[in-house]
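Encoded as structure tokens, the structure appears first; notes follow it.
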Amino acid sequence: MKRLSIKFKVTFWFTLIMILIVAATLAFLFYMGEKIVYEETNARLTDAVDDSFSEIKYRFGELDIDDDLDYYNEGVYIAVYDSDNKLIYGRLPSDFDRALPFRYGEMQAIGNDENVKYVLDEVRDVGKGYEVTVRGVLSTSGSERAFSAMLSVALIAFPALIIIAALVGYLLTKRAFKPVKQIVSSAEHINSGNDLSKRIGLEDGKDEIHQLANAFDMMFDRLQESFENEKRFTSDASHELRTPIAVIIAEAENALDSGETQGEARRALEVIYETAADTSVLISSLLMLARADKGHLKLNKEIIDFSEICRLVSELTAETAEEKEIAVTFESKESIFIDGDQAMLIRMLLNICENGIKYGKNGGRLDISLEKDGKYAVCHIIDDGIGISDEGTKRIWERFYRVDEARSDGSGLGLPLAKYIAEAHGGTITVKSELGKGSEFCITLPIYER
């Protein structure tokens, strides 16, 4: 049974249930039919016998039977017996056993299934202490014959009903499982090929199978997006790592082949060191994002003064901004405490500020401000650099995405990492920018409530 298809199992159980229902229905009809026929027959015999006694009187020393007493009335035979149990009036069916003993007050059935006769005997005093017996005999009634005929037809039709039930069950099951077959076919097609764009695409419906198909389509959408992101991520990561490694190899070869003086060798080593440092930052960012995707990146939270964090970042940024004569300012009217990872928050702010310095204008500005807005700390980082296009602002949070080479933040991971850190602290990060006028990043983090 375990190896059979679900379609066969459903058809089998449907047919079995229909057999049980039909059998139970026939049994109930048979029981109720017999009971109804019995009650109807008993009532007819009782009425006929009672009516007969009303026509029999004993007076003036003799038994007087009214001429209106019919010995055969609506299928009931009437026979009257005197006190010595001798037949004095009426008649009985020709095939009736006249020696049948009397059984008073209880209807009895005699004969076989094909020729059943119902007998009711009653004895009463008809006057002056004189008792007579009236026997009523009724052959198989019309109701019983009709019921027997109906039951015979039902028993004959029973196998046909079962076959019809099995056929209907199979057709219904086949139709109901048609979407499942389509789901299996689509899944096998996706599994056997490289076309992740294939979808089940069932017609509109609200039943469970359509909901399952829609859930599969949504899952396939996410899988396709994940695979595409992974391919793009692998390609971009390979490209980003290939460049610094090529530089390191080239400088090392140059130092080995042409580094005749200590100065030349030192310059090659400086280039190798700077490139290796940048590569280390890139690998660290990749590792952090990979851990974040898997949920393995843990935050070492503590209650910190976010105002001091912003002030520290502004001082660190000011040092790198001196070369481009960019003025870095910080403004905060009060201390604002949050529950966060200090190292992560510093890295988030540095990624955004260094991006603003790197692509800011010579002699420009970078303004950092912090304020409280209800239950949130809001940090604004505003630069007057080259700005970002509308399309770029929608995609700068994608890993390795570059609006253009001039606006790249180096590895293309700084802003996605900053966004992750903000969201990991229960906050948000947004950007507003205009080409040629600069950008404004807004970081919102929940305030620690004592």
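Table for the structure above
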{"read-out": "Contact order normalised by residue count of the range 318-398, Cα under 8 Å, 6+ apart, percent", "value": "32 percent"}
{"read-out": "Computed accessible area, residue 307, all protein chains, 1.4 angstrom probe, square angstrom", "value": "10 Å²"}
{"read-out": "Table column - 3J(HN,Hα) (Hz), the range 69-79, Karplus curve with 6.51, -1.76, 1.60, x for Gly and Pro", "value": "6, 9, 6, 9, 9, 6, x, 9, 8, 10, 10"}
{"read-out": "Of all accessible heavy-atom area on the range 69-138, the percent that carbon and sulfur account for (1.4 Å)", "value": "41 percent"}
{"read-out": "Integer Hz, Karplus 6.51/-1.76/1.60 couplings in order for the range 383-389, x for Gly and Pro", "value": "10, 10, x, 7, x, 10, 6"}
{"read-out": "Peptide ranges 155-162, 338-345, 211-218 listed from the most packed, as the mean C-beta count within 10 angstrom indicates", "value": "338-345, 211-218, 155-162"}
{"read-out": "Residue 227/residue 298 FRET efficiency (R0 30 Å; Cβ-Cβ; nearest 0.05)", "value": "0.60"}
{"read-out": "Theoretical gain in end-to-end length, residue 371 to residue 171 [0.36 nm per residue, Cα-Cα removed]", "value": "65.1 nm"}
{"read-out": "Point-charge dipole on Cβ atoms (K/R +1, D/E -1) for the range 1-102, about Cα centre, debye to 20", "value": "1800 debye"}
{"read-out": "Stretchable slack from residue 124 to residue 218, in nm (0.36 nm times residue separation minus alpha-carbon distance)", "value": "25.0 nm"}
{"read-out": "Residues with amide H under 5 Å from that of residue 337, placed H, sequence gap 5 or more", "value": "306, 448"}
{"read-out": "The range 1-109: trypsin sites (Lys or Arg not before Pro) in DSSP coil with no more than 12 other Cβ atoms inside 10 Å", "value": "2, 3, 86, 98, 103"}
{"read-out": "FRET E, pair residue 60, residue 115, Förster distance 35 Å, beta-carbon r, rounded to 0.05", "value": "0.25"}
{"read-out": "At most 11 other Cβ within 10 Å, DSSP loop - GluC sites (Glu not before Pro), the range 8-87", "value": "74"}
{"read-out": "Residues with amide H under 5 Å from that of residue 116, placed H, sequence gap 5 or more", "value": "140"}
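The values are calculated or read from the model by the stated rules, or taken from the named source; none is laboratory data. Here the structure is a predicted model, which means the values were calculated and not measured. No Cβ is skipped: glycine too gets one built from the backbone with ideal geometry, and neighbour counts run over all protein chains shown. Please note that ligands, DNA and RNA were not included when accessible areas were found on the heavy atoms of the full protein model with its side chains. Shrake-Rupley method; radii C 1.70, N 1.55, O 1.52, S 1.80 Å.
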